[in-house]
Amino acid sequence: MGGCLSGERLEDEDDDQEMTFFKPRYYRDRDGPKFRVLNYTSHYEYRQYEKSTWICTRYEGGTQLNKALSKGEKMLARYFHGRNGPEKSMELTCPIKLWVEFGKEAYGPWSDGEVVASLHLPYDCVSRPPAPVDSNLFIQEMPEHFAYVASFEGFATENMWHEEIVKLRRVLDGEGMKYNKKSFFVARYENILHMGKKRNEVLLVVDN
């Protein structure tokens, strides 16, 4: 399929950061959500994320995740490039994250309704986020939370996204793990035009 299976830990995974929240090497010096890996199997990492702040936008996503990700990325990039209250330019962060609702079938297609795309705010802007100018953008705080995360490399086709989501759900269901079965996140660390490694993740958040 042109990418690493989520059953294999990727080469640049960090193995020595289980006790503190950290920014992994594959962020490539970009700011992003800090987490720690509490456990991992051949199928997923079990992560604890610290509290974080994001710039978000909500829109009709349709059924194609790649199109929805690219649309959100373009909308949010304008905010980073100075379309905000103080006209402050900021370095782009990672990953571009998309919140999606599951469909009615347990392992079937996801909903074609609204999605929420998010980019993490730069660390030095978290305490005083630049106010968005566009009315469809908003600042959101994500509380500390836990998530099961499956990772894979390469260009993620729609079929690959679906396969990885279903695979992770089946594994967790088989192990009797509890997670939010109403929605999920996908994350893309590189723009689709990036010539190097492309990292992708599927995240299922643990219910409180």
Residue that is farthest from ASP31 (Cα to Cα) [pool: residues in the range 168-189 that are among the charged types (D, E, K, R) and crowded, with 19+ Cβ neighbours inside 10 Å]: ARG169
Subset of the range 128-155 (residues that are part of a loop (DSSP other than H, G, I, E, B) and at pLDDT 95 or above): ARG128, PRO129, PRO130, ALA131, VAL133, ASP134, SER135, ASN136, PRO143, GLU144
Sole exception among (1) closer than 17 Å to GLY32 by Cα; (2) surrounded by fewer than 19 Cβ atoms within 10 Å (Cβ to Cβ); (3) of a type outside the set (A, V, I, L, M) for PHE138, by number: (1)
So TYR44, is it within 15 Å of ALA150 (Cα to Cα), modelled with pLDDT of 95 or more, among the hydroxyl-bearing types (Ser, Thr, Tyr) and buried (at least 19 other Cβ atoms within 10 Å of the Cβ): yes
Residues (modelled with pLDDT under 95 and of a type in the set (A, V, I, L, M)) located in the range 17-41: MET19
Selection from the range 69-121 of residues that are among the aliphatic types (A, V, I, L, M), buried (at least 21 other Cβ atoms within 10 Å of the Cβ) and without any contact (Cβ under 8 Å) to a residue 60 or more places away in the chain: VAL115
Residues located in the range 166-189, provided they are touching a Phe, Trp or Tyr at 6+ places or on another chain (Cβ under 7 Å), more than 12 Å from TYR44 (Cβ to Cβ) and of a type in the set (A, V, I, L, M): VAL166, VAL186
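The values are calculated or read from the model by the stated rules, or taken from the named source; none is laboratory data. For clarity, every value in this text was computed on a predicted model and none was experimentally measured. Backbone-built Cβ (ideal geometry, glycine too); neighbour counts: all protein chains shown.
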